[in-house]
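The next block holds one structure in the form of structure tokens; read it before the comments.
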Amino acid sequence: MNISMLSDMAAEGFADRVVVGRTDDGLTAGRLRELAAGGAHLVRSADADAVVYLAVNGPALPVALFAAARAGVPLVPVNYRLGAAQLDALLANHPRALGIADPEHGEALRRAGLPVRSPAEWLAQAAEHVGHPADEAGGDPAPPDTPAVLIYTSGTTSAPKGVVLRHRNLVSYVLGTVEFAGAGPDEAALVSVPPYHIAAVSNVLTNLYGGRRALTLEQFTPDGWLGLAREQRITHAMVVPTMLARIMDTDGLDRSVPSLRALAYGGARMPVRVIETALRTWPQVDFVNAYGLTETSSTITVLGPREHRTAVASDDPVVRARLGSAGLPVPGVELEVRDASGVVASPGATGQIWVRGEQVSGEYAGQGSAVDDRGFFHTRDQGHLDVDGYLHIEGRADDTIIRGAENIAPAEIEDVLLGHPDVLDAVVVGVPDEEWGQRIEAVVVLRDGVAIDADALRAQVRGTLRGSKTPDRITRWRELPRTPTGKLVRRDIVEALTAEGRQAVGRQG
């Protein structure tokens, strides 16, 4: 099944329902299909083998996604925040692409020799060619094994890799997690992630298939998000943890959103303190923690509303700990946690997380498949399953601190630091050390006007965990470097702390 068939089903099922944008000027399901057909004609006329999207999120994205699908080529949403050298290297992989770019980013496409349209021009030209059916120049939709989307990873720990998501991967995810036309006509979703994140693509597909109107917030601010949610009567929303933290922690905000029924979060670890605050602030809202990767076509586990409320109300430490978990696998997904020798670990034992299912791609452009002989993909995350199968993420395997002969997961130390009411954000990293191999250092962001003694924070960690996991140094910064989707850029933190250490040694000398 081709993802364009999802658009066809929506157009046949609720053609006049607005599914993209604001209520007064958004696109109906029927109009979206027409524009996608017109866009597919443009793609074929250009003899393009991909559609590169270098712009902010908005109505042009779903039209580009379905136009590319109808033309049988992949959509390549690109991070417009990359530097010129990085952009040039990435775009060199797509010399025959049709380009869509905001005016300020179009020069990168022109340097690559690609034809460039602004999002407004793309929509206008697609509209001009409505009446050229998608099959006029190409016949049947692309087969299920055809690449539908190519998304480059964030590259926070290594060079970006192009993840290949085929039509069958994305369709499997949608069919396994969403009921067709299951949304009411009043439902509206607010998505606050950039177009080059898998959540942006998956939200286009799932909201359309479910019949829910979806709109995007180009530039997140807490008051901007709340204002738009009230104005557009948002019922469902998706945020990354740093966004929810800013909504909950910013003083003086009117946090009332009477229409809000459900809020999903994911993309990074959510501090328990933040989700507890959000549950108290919006008791009527159903919270969902969604864990997934680009390589898995988005969500593979979910912690649902009932589990959130049960965990908060429980005195059982095992049940309460589930508030910080990633939940249970979605239908069609199998999980394994394996130890260092590759053996499936027992409940509670930490290991590497592997996943299998039709929605799992595990494929990289130019590198082929990364799944093992049993079809499992190594997420490179580590964690454990509890006795009832709830997945607890303990961080990236690459983030593990090796101090002496001991492997230390930064996540458990970060959780202790974030448990302090005045610590808004925290990260723990391993910094090179001649004696121990790595020493443990932490960086915290505190509430404005608050002063906390670093030794008091170290004592808090020592009192909760054993002494070998206590940070050797805790530094205060105004903010932590994160990607727009909330992921910590740990390599920048390590580099900065290492440089600070060298300067301190130099001053002492």
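The values are calculated or read from the model by the stated rules, or taken from the named source; none is laboratory data. None of the values given here were measured: they were computed from a predicted structure. Quick reminder, even Gly has a Cβ in these numbers, built from the backbone with ideal geometry, and neighbours come from all protein chains shown.
When 255, 269 are checked against the criterion of being surrounded by 21 or more Cβ atoms within 10 Å (Cβ to Cβ), touching a helix residue (DSSP H, G or I) at 6+ places or on another chain (Cβ under 7 Å), in contact (Cβ under 8 Å) with a residue 12 or more places away in the chain and closer than 27 Å to residue 427 by Cβ, 269 stands alone in meeting it.
A quick yes/no check of all residues on (1) surrounded by 12 or more Cβ atoms within 10 Å (Cβ to Cβ); (2) polar (S, T, N, Q); (3) over 26 Å from residue 266 (Cβ atoms):
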site	(1), (2), (3)
410	yes, no, no
416	yes, no, no
421	no, no, no
425	yes, no, no
432	yes, no, yes
437	yes, no, yes
477	yes, no, no
499	no, no, yes
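Of all the listed residues (463, 437, 430, 509), the sole one being over 30 Å from the mean Cα position of the chain (by Cα) and modelled with pLDDT of 85 or more is 463.
The residue pairs whose first member lies in the stretch 95-119 and is assigned by TED's automatic domain parsing to the domain that holds residue 81, whose second member is surrounded by 23 or more Cβ atoms within 10 Å (Cβ to Cβ) and of a type in the set (Ser, Thr, Tyr), and whose beta carbons are closer than 7 Å, counting only pairs six or more residues apart or on different chains, are 100/53. Can you pull out every residue in the stretch 364-380 that is in contact (Cβ under 8 Å) with a residue 24 or more places away in the chain and either surrounded by fewer than 21 Cβ atoms within 10 Å (Cβ to Cβ) or out of contact with any strand residue (DSSP E or B) (no Cβ under 8 Å at 6 or more places or on another chain) (or both)? Correct list: 364, 365, 366, 367, 370, 376, 378, 380. Can you confirm whether the stretch 372-381 contains a residue that is modelled with pLDDT of 95 or more, of a type in the set (D, E, K, R), under 19 Å from residue 164 (Cα atoms) and touching a Lys or Arg at 6+ places or on another chain (Cβ under 7 Å)? No, that holds for no residue.
When each of 383, 395, 389 is tested for being more than 12 Å from residue 296 (Cβ to Cβ) and in a loop (DSSP other than H, G, I, E, B), the lone residue that passes is 389. Among the residues of the stretch 413-424, at least one is in contact (Cβ under 8 Å) with a residue 24 or more places away in the chain, in a helix (DSSP H, G or I) and out of contact with any strand residue (DSSP E or B) (no Cβ under 7 Å at 6 or more places or on another chain).
Restricted to the stretch 216-335, the set of helices (runs of 4 or more DSSP H) holding at least 1 residues that are over 20 Å from residue 414 (Cβ atoms), at pLDDT 95 or above and not assigned by TED's automatic domain parsing to the domain that holds residue 189 comprises 222-231, 241-249, 272-281, 305-313.
Among the residues of the stretch 464-504, those identified as small (Gly, Ala, Ser) and under 22 Å from residue 404 (Cβ atoms) are 467, 468, 501.
Of all residues in the stretch 326-368, those satisfying the criterion of being under 21 Å from residue 394 (Cβ atoms) and touching a Leu at 6+ places or on another chain (Cβ under 6 Å) are 326, 327, 329, 337, 347, 355.
For the stretch 31-41, state whether one or more residues are assigned by TED's automatic domain parsing to the domain that holds residue 100, in contact with a Phe, Trp or Tyr (Cβ under 9 Å, 6 or more places away or on another chain) and without any contact (Cβ under 8 Å) to a residue 40 or more places away in the chain. So that I can check it myself, show each step before the final result.
We begin by selecting, within the stretch 31-41, every residue assigned by TED's automatic domain parsing to the domain that holds residue 100; these are 31-41.
Checking the rest, the ones that are also in contact with a Phe, Trp or Tyr (Cβ under 9 Å, 6 or more places away or on another chain) come to 32-33, 35-37, 39-40.
Checking the rest, the ones that are also without any contact (Cβ under 8 Å) to a residue 40 or more places away in the chain come to 33.
There is at least one residue in the stretch 31-41 that is assigned by TED's automatic domain parsing to the domain that holds residue 100, in contact with a Phe, Trp or Tyr (Cβ under 9 Å, 6 or more places away or on another chain) and without any contact (Cβ under 8 Å) to a residue 40 or more places away in the chain.
Checking the stated criteria, residue 341 turns out to be of a type outside the set (D, E, K, R) and without any contact (Cβ under 8 Å) to a residue 12 or more places away in the chain. Touching a His at 6+ places or on another chain (Cβ under 7 Å) and assigned by TED's automatic domain parsing to the domain that holds residue 153 - does that describe any residue in the stretch 70-81? Yes, the stretch 70-81 has at least one match. Just one residue in the set 219, 232 is of a type in the set (S, T, N, Q), within 20 Å of the chain's Cα centre (by Cα) and on the phi < 0 side of the Ramachandran plot; that residue is 219. Any chance the stretch 484-498 includes a residue that's among the hydroxyl-bearing types (Ser, Thr, Tyr), on the phi < 0 side of the Ramachandran plot and part of a helix (DSSP H, G or I)? Yes, the conditions are met somewhere in the stretch 484-498. Would the stretch 386-397 turn up any residue that is surrounded by fewer than 19 Cβ atoms within 10 Å (Cβ to Cβ) and out of contact with any strand residue (DSSP E or B) (no Cβ under 8 Å at 6 or more places or on another chain)? Scanning the stretch 386-397, I find at least one residue that is surrounded by fewer than 19 Cβ atoms within 10 Å (Cβ to Cβ) and out of contact with any strand residue (DSSP E or B) (no Cβ under 8 Å at 6 or more places or on another chain), so the answer is yes.
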